[in-house]
Amino acid sequence: MKMKRDSKKAEEKGYAAPYDPFFSGPVRKRSCTDLICCILFLAVIAGYMVMGVLAWLFGDPRHVLFPRNSTGMFCGAGMNRDQPRMIYVDILKCATTTNVMAAALGGVQCPTTQVCVRKCPSQFWMLSAAAYDPEAKPKDFFHQQYCDHSLNLTTTTWTVQQILDAELCPSFLVPSKSALGRCLPSLHALKSAPSNFTLPGMASVNETVNSIRSAMGSLISGFNRKTIGVRIFEDFASSWYWILLGLTVAMVVSVVFLLLLRYLAIVLVWILMVGLLVVGGYGIWHCYSEYYNFSTSKLKFSDLSFNTNISVYLQVRETWLAFLIILCVGESILILVLSCLRRRLSVAVAVMEESSRVVGYLMSTLLYPLFTFVLLVVCVAYWGMTSLYLVTSGAPLYRVVSLSDPSVAMCSLINGSETCKPQTFNSSAYPYCPSVRCIFFKYDDAGLFQQNLVYLQVYNVFAFLWCVNFVIALGQCTLAGTFASYYWAFSKPAEISPFALSQCFIRTLQYHVGSLAFGALLLTCFQLVRLVLEYLDHKTRGSQSAFGRFLFNCLRCCFWCLEYFLKVLNRNAYIMIAIYGESFCVSAKNAYSLLMRNIGRVVLLDRVTDMLLFFGKLLVVASVGGLAFFFFSGQIRLPGNTFQAEMLNYYWVPIVTVMAGAYLIAQGFFSVYSMCIDTLFLCFLEDLERNDGTMQKPYYMSRNLMRILRKPKPFVTALPE
């Protein structure tokens, strides 16, 4: 007992722990750590769940997912399920700069009848002059599918002019595309409008087209950006199954790479290094060739505006110069690293081989990233749905408006300030204005819940980040305990429990939720500060001085470095928690002291292995990304494949998605090896300080690990060679 107390005191003071004959790996007799933080974390989770329930009660995501018609009914849902699109009967009235009623509605709604339709118009059409004859029958001129549902053209007794005054049917149609469920005139189609497409009161087709464009600009702020977003969603919709196939390929490549790493580590690593050098050299040659080919080009970046077609930028000589400089710098750094660390590189490869052997005995650890991935998906889905329900909370509000020109006698009395309910609204109460309607205005923001939406969204982000960081911490601590139980087993693999992973997982949840929540909370606070800085930078970017931009960039850099340092500290603290069962602060201090006492090994060995694993991730991403590029750009066509590259608006959207997903998948699988290396390394340092390899104080490290780090042969049972 005295030895245990001395060992604990030595670690608390930051000294090397003395030999303890009773220590044999992860401590089994533990107590709950950081109880206050555990209670706080559970309270935040409970509050997060309550907020989610309230958001579910007050919110309605259909407000975002589906457009509405003039009566507030959703298009594509309920009785309009087979009519998912919405058209504006007279889109010219959406121009807020010229329409008084649009201004009265705050510019958030277009003061014209909105009708749910099955599909958007596909051709130009305009009401002919013969339709204005009092004897003309409306059914001979209008299209029933684009008229208000309350009007039946076959049985109506209204004249064409009366229908137009009440805005029950459109007087013209333009080829349109669906944007967020709304049929908006196609800018491309407007360029080829027929010469006779001139609306009444306008002098030419150009004036008509310009009026329609002006109305569109007033209807949707930032239309170009939203169009890009809609097109990106269309690309996802047409290629999602091929994206999933690409992510599956990334998972297979990651598993194959890790299996090869166990048996052919040294060969694989050197092939990787040489391959990177060759690819970098080819990239330098190709960039120089393109730079030389465009030597006579006078086109510069300053001559280009924002363009979603990436090939436009590849015609600029400066682009290839930037690529050339980046590749030359990267190639030089890689050559310098390989030449300076070639001896440590072989040691790092041997450590990775040993880690592969450990993972081979604990194959269940390779499946744990899938569990972590599921938990992260749950967190992201809950955060996304809660945000959506919060944004759409509040009952819809409606106002009485006149769809006729406000200058018309009597109709000018209706100024758009009177509220109404579409279910009980009766237009006959306004006989002096036949075009009166009850139109959706906005969502109620006067309630207590709605008035505090900003604070609720901040809480939503805070709880989300805390949960995500906790899930990651739980995985790191569980894996660390599993690998530590392997290292401190005296007879390997005989003393290793077949349920080591599940035992460590249960032990972590039973005793150390508070400690993991403490570390996750610290990281969350730094991430929130970074988010606030990004928000302030975005809001003040237009008015920032040169010094202000410099200050923001300095703060960005500082907090990024602090966050990275905290992630490394947390990672090693979780390893010490898994081994000794101490609180977070004590474990972080002990881990930091242990690493500082062996800083040479940390820098030259642990970081080198991280670099090799990072190169492995790049190999997975590069291989999968290359296949995705050739497939989605149409250079590879599979037999019998119904997918055509021409279906995509931007072929780089699925490519970037596949590459980002491949990196996350590789990160998940490689994190097991990374955690194994870090745990073995920390246990190795502890082993060196506690023991000396004699019969009285034998090392727990395996014979292979002993040979890697050039230590005397221990009197222990070694792993089979």
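The values are calculated or read from the model by the stated rules, or taken from the named source; none is laboratory data. The model shown is predicted, which means the values in this text are computed figures rather than measured ones. Positions of Cβ are generated from backbone atoms using ideal geometry, with glycine treated the same way; all protein chains shown enter the neighbour counts. With ligands, DNA and RNA removed, areas are computed over all heavy atoms of the protein, side chains included. Shrake-Rupley method; radii C 1.70, N 1.55, O 1.52, S 1.80 Å.
Scanning the range 508-522 turns up no residue that is under 18 Å from residue 471 (Cα atoms), free of Cβ contacts under 8 Å to residues at least 24 places away in the same chain and either out of contact with any Lys or Arg (no Cβ under 9 Å at 6 or more places or on another chain) or of a type in the set (Lys, Arg) (or both).
Out of all the residues in the range 524-544, is one or more among the small types (Gly, Ala, Ser) and surrounded by 14 or more Cβ atoms within 10 Å (Cβ to Cβ)? Within the range 524-544, none of the residues are among the small types (Gly, Ala, Ser) and surrounded by 14 or more Cβ atoms within 10 Å (Cβ to Cβ). Only one of the numbered conditions (1) part of a helix (DSSP H, G or I); (2) at pLDDT 80 or above is violated by residue 87, and that is (1).
Within the range 167-212, the set of residues being in a loop (DSSP other than H, G, I, E, B) and polar (S, T, N, Q) comprises 171, 186, 192, 195, 196, 198, 204. The residues of the range 158-182 that are within 42 Å of the chain's Cα centre (by Cα) and at pLDDT below 85, listed by number, are 177, 178, 179, 180, 181, 182.
The rows are residues; the columns are (1) more than 18 Å from residue 70 (Cβ to Cβ); (2) in contact with a Pro (Cβ under 9 Å, 6 or more places away or on another chain); (3) not in a loop (DSSP other than H, G, I, E, B); (4) not charged (D, E, K, R).
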{"site": "148", "(1), (2), (3), (4)": "no, no, no, no"}
{"site": "152", "(1), (2), (3), (4)": "no, no, no, yes"}
{"site": "157", "(1), (2), (3), (4)": "yes, no, no, yes"}
{"site": "162", "(1), (2), (3), (4)": "no, yes, yes, yes"}
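The single condition among (1) buried (at least 19 other Cβ atoms within 10 Å of the Cβ); (2) farther than 30 Å from residue 350 by Cβ; (3) modelled with pLDDT of 80 or more that residue 624 does not meet is (2). Selection of the range 483-511 for residues being farther than 22 Å from residue 698 by Cα and among the β-branched types (Val, Ile, Thr) yields 506, 508. Note on the range 502-523: residues that are assigned to a helix (DSSP H, G or I) and open to solvent by less than 30 Å² (accessible area, probe 1.4 Å) amount to 10.
Please determine, by comparing only the residues of the range 24-75 that are modelled with pLDDT of 85 or more and not in a helix (DSSP H, G or I), which one is farthest from residue 496 (Cα to Cα). Here the answer is 75.
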